[in-house]
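Colleague: Just passing along the structure, written as structure tokens.
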Amino acid sequence: MLNYLWGGFFLVGFGVALIRFVGGDETVFLAIIQSTFDMAKLSVEIAIGLVGLLALWSGLFRIAEQAGLIAVLSRLLAPFFSRIMPEVPRGHAAHGAVTMNLAANMLGLDNAATPLGLKAMQALQSLNPTKHTASNAQILFLVLNTSSVTLLPVTIFMYRAQLGAADPTDVFIPILLATSLSTLTGLLAVMLLQKIPFDRVVLGYLLAGALLMSGFVYWLSLIPSAELGNVSQILANGLLLSVIALFIGVGLWQRVAVYEEFVEGAKEGFETAVKLIPYLVAMLVAIGVFRACGALEYIIELIAALLSVLGVPTGFVEALPVALMKPFSGSGARALMLDVMNTHGVDSLAGRSAAVMQGSTETTFYVLTVYFGVVGITRIRYALWAGLLCDGVGMLAAITLGLWFFG
């Protein structure tokens, strides 16, 4: 399926470009070719940017493994993971890696989430009997990752504050509801496809997670809105530093050679980053062609026309480019969000809807490319469609909640 999707980006791009050229646009071919050069360069820049982060967190994760912290975390969550990932043995390091990645995503710690996610995927790959085909556990992990609940969308608050929003954090609850619905949809869809039973243990863990999240949201609601962005930023960075100190402190207490283990882990992180370059070039260049040909704009115009015919409110339509771009490119969606806010007003329906869309899901194609690419998986089965289902639900929720809260 990935072969058809990848090839489709180029063929659609060529077809749309040909139509535009016949219609008199003589610059379209140049724009597409320039986009291929730009995306190829960006792929290498992303991989180089990941080198330091992967080296840092791979080194810290190795210390945590040697100190026994990952084993402890795995045992705590073994009853839950043994049911939703039955092929992963109880106490396996993959449980701890998956948990740390999801926790980093929830707290908006992007710098830590990606390296930890790659480590989790590698741990799951060690149990994969068919190395070039995604396992059930890997698909479930990827879907949870692409739709992961974000409790602290600090960057969105920051951008809204910089553009003069009256209350930069007023999009917090809509974002939380949209991303929660997206994650729940992904989890339920994959559990149904994999025929994972919903027993008392699974429901108990989900209920406990919902209660913890509700308590966290209630605590945040007690903080004055003007201070919430700053508090969120301090909390996120403080937790990140605390995790680093915990890993090293427990490592020293357990008489682990922390420096030597860190260096060995960092070497693995460096090698991982280099392996990502071919996969990033392949997918990002294809996405660049699809964007540069103008197909995305045609899709938005078609949706807007259809909504007008159906009599659906169209105040959010200006934000739709963010929704359509998010599965392909996080940086592209962020740039479009800022453009919508700047053009239509940060506190307009479109501006707020764009912020909710940006925070509701992850970049499915990027995550799929990086996470499966790092372990050499080429047959992804239904991972893409499950991820896109989460994206679709998240974006529909973002539109509905935007109209409900701000329409």
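Colleague: Straight-line reach from residue 326: which aspartates and glutamates have Cα under 15 Å away, leaving out those fewer than 8 places along the same chain?
Modeller: The qualifying aspartates and glutamates are 297, 318, 339, 362, 391.
Colleague: On C-alpha positions alone, give me the angle between the axis of helix 28-67 and the longest principal axis of the chain, in degrees, nearest 10.
Modeller: The two axes meet at around 20 degrees.
Colleague: Which FRET efficiency value, to the nearest 0.05, is calculated for residue 254 and residue 297 with the Förster distance at 56 angstrom and r the Cβ-Cβ distance?
Modeller: Efficiency for this residue pair is about 0.45.
Colleague: Which is the longest stretch in the chain that no exposed loop site breaks, taking sites as trypsin sites (Lys or Arg not before Pro) with a DSSP loop state and at most 15 other Cβ atoms within 10 Å?
Modeller: It works out to 256-407.
Colleague: Explain nothing, just the number: relative contact order of the stretch 2-406, from Cα pairs under 8 Å at least 6 residues apart, as a whole percent.
Modeller: With pairs under 8 Å counted, the relative contact order is 29 percent.
Colleague: How much length is gained if the chain between residue 22 and residue 343 is pulled fully straight, taking 0.36 nm per residue apart and subtracting their Cα-Cα distance, in nm to one decimal?
Modeller: Result: 112.4 nm gained on full extension.
Colleague: Roughly how compact is the chain, stated as its Cα Rg over 2.2 N^0.38 Å to two decimals?
Modeller: 1.00
Colleague: Under 13 Å from the Cβ of residue 34, count the other residues' Cβ atoms, weight Lys and Arg +1, Asp and Glu -1, and hand me the total.
Modeller: So the surrounding residues net to +1.
Colleague: Using a Förster distance of 60 Å, how high is the FRET efficiency between residue 198 and residue 264, based on the Cβ-Cβ distance and rounded to 0.05?
Modeller: It comes to 0.90.
Colleague: Using a Gaussian network for the chain with springs between C-alpha atoms less than 10 Å apart, which of these wobbles most: 69, 102, 276?
Modeller: Looking only at 69, 102, 276, the largest GNM fluctuation is found for 69.
We did not get these values from a lab; they are worked out from the coordinates using the rules stated. Bear in mind that the values here come from a model prediction, so they are computed numbers and not experimental data. FYI the Cβ positions are ideal-geometry reconstructions off the backbone, even for glycines, and counts take in every protein chain you see.
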